[in-house]
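*Asks:* Dropping the structure in here first, questions after.
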Amino acid sequence: GHDERWWHRATGYQVYPRSFSDSDGDGMGDIPGIISKLGHLSDLGVGFIWLSPVYASPMVDNGYDISDYRDIAPEFGTLDDMDRLIAEARKRDIAIVMDLVVNHSSSLHPWFKAAAATRDCPEHAYYIWRDPAPDGGPPDDAQAAFGGSAWSFVPEVGQYYFHFFSGAQPDLNWQNPALRAEIYDMMRWWLDRGVGGFRMDVISLIGKDVDTRIYEEGPYLHGFLQEMHREVLAGRDLVTIGESWSVSTETGLRYCGRDREELDMVFEFSHIREGWHPELGKFAPKPFDLVAFKRALFAWQELTRDDGWHALFLSNHDLPRQVSFYADDGAHRRPAAKTLATVLHMLRGTPFVYQGEEIGMTNARFDRIDQYRDLETLNHFNAQIAEGVEPSEFLAGANRNSRDNARTPMQWSAAPNGGFTTGTPWIETNPNYPDINVEQDLPDPDSIFAHYKRLIALRRDRDVIAFGQTEPLWEDDPDILAFERRLGAERLLVVANFTNRDQTRALPSHLANRAAKGLAWSHAPRDDIPDRLELQPFESLVWIFD
Ligand code: TEU
């Protein structure tokens, strides 16, 4: 049984503001630009926007380094613009979900400036400080996610501070109650402005214990999340999504289980990591393994069958373009983009669309390192080149998996720079914008956009899609992804060819001889259901049985 909440049937849409729409020609997207595109999002049918950070920031990590949690970066606009965005979105029944980046702040946040100036101020204890090792070096050899030591020395206080990410992103000390009170207060301030929830950046890191070197899912995590729920979230009609790179099916329900009073769902990455090289990491290409991918997806469907809820996604601002990474961005781009969408949107959970995915945008394919902007890519390039990796080899990996693949400007039209800006974009526009853009997709009833629109509407209208149980089919099949959804006597069948070859499979016998109607398709509608399913390259079909 379910207490139905609005986000059970809603689809989220992630806006990466820097690359979405530029209203003033400075080459960077902004909040007025987002407001001008709300019609597009309302046409698509999304229920809420996850807005990547727009707060005041030195932009070392494109806003994931916040220097004032209660103000807007001038390049993105003003607090008035933000209030207008919230109100204009609400008129279209779209909630604004803010990105809450509270594992760390910017090193330019006034708290950190005070903390780094003297030990004798309350803010000093808002961060994690340790004395140098006897030789004056860092307390231990922990490495930061963006390269180098996770400890940086501040001579003024004679101590090192901990940063899981870059040195410009000092970790906040969640064990300090005054710091937690500041965060909760700031969250209530945003909720009172009308935001509809939070996407919580790397939230599984806040319970860390640096002395035992436990960072992910540390001993204090769930206590803090329960406290946050009591102090801020309880009694409000919100959606909360935690991001975690470590959560597993062992720990998932601790965040989102019915009786936990923590979060509504988590972004977990097991299906994403299947595509990374186990030792060499994300910049070493590895061929896509559909069986492993299915195992990861279906494990989370199983976990959230009777309890909790799942956040469904294939793309975001940290990941490559899905059609390039999982399928085919050349000859089969259009059906491949539709098929990936079909698979994700027909699962149980709340699906997320990352900007540009709805028109099948592709990886950037930069040839030179100077085209990249992302600090993770640049730091890893420098580190790997120093270790003797060939630049061309690194670039091949970055072409496949760098975060900048998803950060090129949104392609609105065939106008210069895809209509994103009248100025010079902060990162190059993908040269394929004349062929891949929103304006071109809109009038076409067979476009990728039209397909997304259909899938999003199906979830709103059909209980079996929102609430049915997922039953995997053909789990060991290396070429086809297929599953059923079941609710009462209703059956939905989803079949997707993940290869560039024709495939034939027999219809599962328990579904044979039942009347069915086609609900969604990548190529052409099929109303009858044949005993032998013949699938073209990257073809997918959805049938409903009565
Ligand atoms: O990402 C979390 C995170 O761990 C990433 O750095 C991830 O390891 C990397 O992207 C894989 O390539 C979140 C944000 O989504 C990301 O944009 C931020 O850079 C990061 O936190 C720090 O705030």
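*Asks:* Which loop-located GluC sites (Glu not before Pro) does segment 263-345 contain, where loop means any DSSP state but H, G, I, E or B and the Cβ has at most 13 other Cβ atoms within 10 Å?
*Replies:* GLU279
*Asks:* Counting only helical runs of four or more DSSP H residues, what would the 222 nm mean residue ellipticity of the chain come to if each run contributes -39,500 (n - 2.57) and the total is spread over all its residues?
*Replies:* Theoretical 222 nm ellipticity from helices: -7500 deg cm²/dmol.
*Asks:* Taking N as the number of residues in segment 469-545, what is its alpha-carbon radius of gyration divided by 2.2 N^0.38 Å? Provide the component values of the computation, followed by the final result.
*Replies:* Details: Rg = 11.7 Å, N = 77, 2.2 N^0.38 = 11.5 Å.
Output field value: 1.02.
*Asks:* Counting other beta carbons within 10 Å of each residue's own, what order do VAL239, VAL291, VAL210 fall into, fewest first?
*Replies:* Ordered by Cβ neighbours within 10 Å, fewest first: VAL291, VAL210, VAL239.
*Asks:* Mind scanning LYS37/LYS282; LYS37/LYS286; LYS91/LYS453 and naming the pairs with a C-alpha gap bigger than 28 Å? It would help to have the intermediate numbers written out before the result.
*Replies:* On the way: LYS37/LYS282 33 Å; LYS37/LYS286 37 Å; LYS91/LYS453 19 Å.
Checking Cα-Cα distances, LYS37/LYS282; LYS37/LYS286 exceed 28 Å.
*Asks:* Using amide H atoms built in the peptide plane, which far-off residues or other-chain residues are under 5 Å from LEU442 H to H?
*Replies:* none
*Asks:* Once phi is turned into θ = phi - 60°, what whole-Hz ³J(HN,Hα) does the Karplus curve with 6.51, -1.76 and 1.60 give for every residue of segment 459-466, x standing for Gly and Pro?
*Replies:* For segment 459-466, the Karplus curve yields 5, 5, 8, 10, 4, 5, 7, 5 Hz.
*Asks:* Please list, in chain and number order, the residues 5+ apart from SER106 or on another chain whose amide H is under 5 Å from its amide H, with Hs placed from the backbone.
*Replies:* Sorted by chain and number, the residues that satisfy this are ILE66, SER67.
*Asks:* Can you give me the Kirkwood hydrodynamic radius for segment 110-162, using every pair of distinct Cα atoms, in Å to one decimal? List each step's numbers first, then the result.
*Replies:* Values: mean 1/r = 0.0878 Å⁻¹.
Computed over segment 110-162, the radius equals 11.4 Å.
*Asks:* For segment 290-301, what does the Karplus curve 6.51 cos²θ - 1.76 cosθ + 1.60, with θ = phi - 60°, yield as ³J(HN,Hα) per residue in whole Hz, taken in order and with x for Gly and Pro?
*Replies:* Running phi through 6.51 cos²θ - 1.76 cosθ + 1.60 with θ = phi - 60° gives 5, 5, 5, 4, 5, 4, 5, 4, 6, 4, 6, 5 Hz.
*Asks:* Now, a different point. For the chain, find the longest principal axis of its Cα atoms and tell me its angle to the long axis of helix 391-401, 0 to 90°, nearest 10.
*Replies:* Taking the Cα atoms of the chain, the angle to 391-401 is about 60 degrees.
*Asks:* Sticking with this structure for a sec: What value does segment 1-156 have for Rg/Rh, both radii from Cα atoms and Rh as Kirkwood defines it?
*Replies:* 1.10
*Asks:* Still on this structure: What value in Å³ per residue do you get for the convex hull of the alpha-carbon atoms in segment 359-410?
*Replies:* Cα convex hull per residue, to the nearest whole number: 65 Å³.
*Asks:* Under unit Cβ charges (Lys, Arg +1; Asp, Glu -1), what dipole magnitude, rounded to 20 debye, does the chain have relative to its Cα centre? Don't jump to the answer; show the numbers that get you there.
*Replies:* Working: 54 positive and 85 negative charges, 268 e Å.
Rounded to the nearest 20 debye, it is 1280 debye.
*Asks:* Sticking with this structure for a sec: Can you find, among THR470, PHE545, ILE529, the residue farthest towards the positive end of the dipole of segment 469-545? Put +1 on the C-beta of Lys and Arg, -1 on that of Asp and Glu.
*Replies:* Positive-most Cα among the choices belongs to PHE545.
*Asks:* While we're here: Ratio of alpha-carbon Rg to the 2.2 N^0.38 Å globular estimate for the chain, to two decimals, please.
*Replies:* Relative to the 2.2 N^0.38 Å estimate, the chain comes out at 0.97.
*Asks:* Tally Lys/Arg at +1 and Asp/Glu at -1 over every other residue whose Cβ is under 11 Å from the Cβ of ASP192; what's the total?
*Replies:* Once positives and negatives cancel, what remains is +2.
*Asks:* Can you find, among PRO219, LEU179, SER270, the residue farthest towards the positive end of the dipole of segment 164-297? Put +1 on the C-beta of Lys and Arg, -1 on that of Asp and Glu.
*Replies:* SER270
*Asks:* Angle check, please: helix 333-345 long axis (alpha carbons) against the longest principal axis of the chain (alpha carbons), in degrees 0 to 90, nearest 10.
*Replies:* 80
*Asks:* Angle, helix 177-192 long axis vs. longest principal axis of the chain, Cα atoms, 0 to 90°, nearest 10?
*Replies:* 50
*Asks:* Okay, moving on. Scan around SER149 for amide H atoms under 5 Å from its own, H built in the peptide plane at 1.01 Å from N, and keep only partners 5 or more places away or cross-chain.
*Replies:* When sequence neighbours closer than 5 places are left aside, the close amide H contacts are ALA144.
*Asks:* Same structure again: Enumerate by residue number the GluC sites (Glu not before Pro) in segment 436-511 meeting two conditions: DSSP loop (anything except H, G, I, E, B), and at most 12 other Cβ atoms within 10 Å of the site's Cβ. Walk me through the numbers before you get to the answer.
*Replies:* Details: sites: GLU439, GLU475, GLU484, GLU490; in loops: GLU475.
Sparse-neighbourhood loop GluC sites (Glu not before Pro): GLU475.
The numbers here are math on the coordinates, done by the rules we state, and not lab data. What you see is a predicted model; the values in this text were computed from it and never measured. Heads up, the Cβs are rebuilt from the backbone with ideal geometry, glycines too, and the neighbour counts pull from every protein chain shown.
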